[in-house]
Amino acid sequence: MIELKTPAEIERMHVAGRFVAEVLTEVGQLADVGVNLLDLEHHARGMIKRRGAESCYWDYAPSFGRGPFRNVICLSVNDAVLHGLPHDYTLRDGDVLSADIAVSIDGWVADSARTVVVGTAAEEDLRIIRATEEALEAAIEVARPGNRLGDISAAIWAVADGYGYPVNTEFGGHGLGRTMHEDPHVSNKGQAGRGLKLRPGLTLALEPWLARTTDRIVYDADGWTIRSADGSRTAHSEHTVAITEDAPLVLTRRG
């Protein structure tokens, strides 16, 4: 079931979105050579506790994971791209780090992700990050009343294809609001003019993610961390977006 939100409810999601943006900004600033992933996890935990927010990840146990997730942020390094389980790993010069977090404040959720390079950045890593960011902005631009869900998927796919990156369709964006995952599913590949008609009050997490040379994925032994099947590097960008009568409203925009 798809629940359309009122302007007042969207503003409550915006409160959560501003906080999520703050957490991702700080995590990005702290991610440096010599920093352990567990340090970033505990920093995010502290921020959530001080704000009185609730992690959407803690104890999350979907069908594709192995047991409950006992962390508040996903941290994925290099060829890892989604659901990275924070562990005892010290960041190295040139590592690519994707951070993804969702929190609830007063019963309303926001979800966002960003990818950064630690230390010295290789051009090919900056390029794939840029591709996901441009794909996300293209998706946001068409998230308007009267368009269809396929327009969003096609916009993401067009940017990825223009860069020469393949697109996986197993994991993509989703609705959200009172919970982290709601209908509809938003594929990162699709045809314009197809699918659900977009209406004001629809709130979506749009999240293009890419690997350089494959659209296939594999799981780590931890049952959570998803990597590119061929070991190529990855990137992931995500925002929570509300469709309004006017322009799309990005609820997790970082300053």
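The values are calculated or read from the model by the stated rules, or taken from the named source; none is laboratory data. Predicted, not measured: the structure shown is a model, and the values here were computed from it. Note that each Cβ is placed from the backbone with ideal geometry, even for glycine, and that neighbours are counted across all protein chains shown. The protein model used for the area step is the full one, side chains on, heavy atoms only, and it has no ligands, DNA or RNA in it. Shrake-Rupley method; radii C 1.70, N 1.55, O 1.52, S 1.80 Å.
For His236, what accessible area in Å² do you get when you roll a 1.4 Å probe over the heavy atoms of the protein chains, rounding to the nearest 10?
Here the accessible area works out near 0 Å².
In nm, give the distance between the simple-model label positions of Asp88 and Glu123, each being 7 Å from the Cα along the Cα-to-Cβ direction.
That separation, rounded to one decimal, is 4.0 nm.
Kindly report the accessible area of the chain per residue (heavy atoms of protein chains, probe 1.4 Å, no ligands, DNA or RNA), in Å².
Using a 1.4 Å probe on heavy atoms only, each residue of the chain averages 42 Å².
For Arg92, Arg178, give the ranking by accessible area with the largest first, probe 1.4 Å.
Arg92, Arg178
Provide the gained length on full extension for the span Thr179 to Asp230, in nm with one decimal, where the gain is 0.36 nm per separating residue minus the Cα-Cα distance. Let's see the in-between values first.
Details: separation 51, 0.36 × 51 = 18.36 nm, distance 3.34 nm.
Gain on extension, Thr179 to Asp230, equals 15.0 nm.
For the pair Glu26/Met1, report the inter-label distance in nm, with labels modelled 7 Å from Cα in the Cβ direction.
3.6
Counting only protein heavy atoms, what percent of the accessible surface of the range 94-176 is carbon or sulfur at a 1.4 Å probe?
Carbon with sulfur: 48 percent of the solvent-accessible area.
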